[in-house]
1. How about the stretch 107-132: which of its residues are within 16 Å of the chain's Cα centre (by Cα), over 18 Å from residue 221 (Cα atoms) and part of a loop (DSSP other than H, G, I, E, B)?
2. Here are some residues: 105, 99, 130. Which one is over 26 Å from residue 248 (Cα atoms) and buried (at least 21 other Cβ atoms within 10 Å of the Cβ)?
3. Out of the residues in the stretch 1-24 that are touching a helix residue (DSSP H, G or I) at 6+ places or on another chain (Cβ under 9 Å) and within 19 Å of residue 56 (Cβ to Cβ), which is modelled with the lowest pLDDT?
4. Mind telling me which of the residues 93, 141, 152 ends up being in a strand (DSSP E or B), surrounded by 15 or more Cβ atoms within 10 Å (Cβ to Cβ) and in contact with a helix residue (DSSP H, G or I) (Cβ under 8 Å, 6 or more places away or on another chain)?
5. Of everything in the stretch 52-87 that's over 18 Å from the mean Cα position of the chain (by Cα) and at positive phi, which residue is surrounded by the fewest Cβ atoms within 10 Å (Cβ to Cβ)?
6. In the stretch 185-214, what count of residues is obtained for those that are free of Cβ contacts under 8 Å to residues at least 40 places away in the same chain and more than 20 Å from residue 120 (Cβ to Cβ)?
7. Just the residues that are in contact with a strand residue (DSSP E or B) (Cβ under 6 Å, 6 or more places away or on another chain) and assigned to a helix (DSSP H, G or I), please, taken from the stretch 74-90.
8. Pull up the stretch 36-55, narrow it to residues that are assigned to a loop (DSSP other than H, G, I, E, B) and touching a helix residue (DSSP H, G or I) at 6+ places or on another chain (Cβ under 7 Å), then point me to the one that is nearest to residue 268 (Cα to Cα).
């Protein structure tokens, strides 16, 4: 990605001080298909392997694409340790409202999958916070780390980690990917409880496709399987990759991702679900 292609959006109507969010938008005039909006995972950014491959693929298939960095991520303003789910959720809505053009398919990886689910739930409930965002025609979730602050962090932390959170306000969580440790703040855990999905089922307003690796050490496959009970309706499909890990960034994994997105587009066309 060329440096001059990066743009910045000032967010000044949410929690915290004004901050600039970095984003990359590739519009395709007169495209017949909805665009794609990419939601990164925790401590990831819009230059990752999957995002780069997806940018090339959308350009080849004449579909627009928007990717962005949450505050504290990539080239956006802010400190990662100060971020919360609510803040990143708000920033995602601002991007959909102010940058995305026309109908979109939301693609969320790991924590990004949780943010996409929160958006779908808000739409399903006619929550006014999503009244001015773009039309969402579909969603693809990659190893969705939904409710991660509670289910995959707090409940899995040992006594020492919980003590650090209580006494010093943060815990240095090791990373198996060489990009850590992650600074997990007490505020991240506590604020995250305001956005838990739990067993509160809802019917998504659009088709949903889920891709998950059985060998995922960060988000166990059984956690993803629970979405079969949370997401109601017939247009939700879960695909497991038997030897897949959490990142699903191998060439074969990315090819499978493209196939799933293409199949979603085909379903939207055949069922006349486009705007």
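The values are calculated or read from the model by the stated rules, or taken from the named source; none is laboratory data. The structure displayed is predicted, hence computed values, not measured ones. Every residue, glycine among them, receives a Cβ derived from its backbone with ideal geometry; neighbour counts consider all protein chains shown.
1. Matches in the stretch 107-132: none.
2. When all the criteria are applied, what remains is 130.
3. Checked the stretch 1-24; the qualifying residue modelled with the lowest pLDDT is 1.
4. 141
5. 62
6. Within the stretch 185-214, residues that are free of Cβ contacts under 8 Å to residues at least 40 places away in the same chain and more than 20 Å from residue 120 (Cβ to Cβ) number 3.
7. The answer is 81, and nothing else.
8. 40
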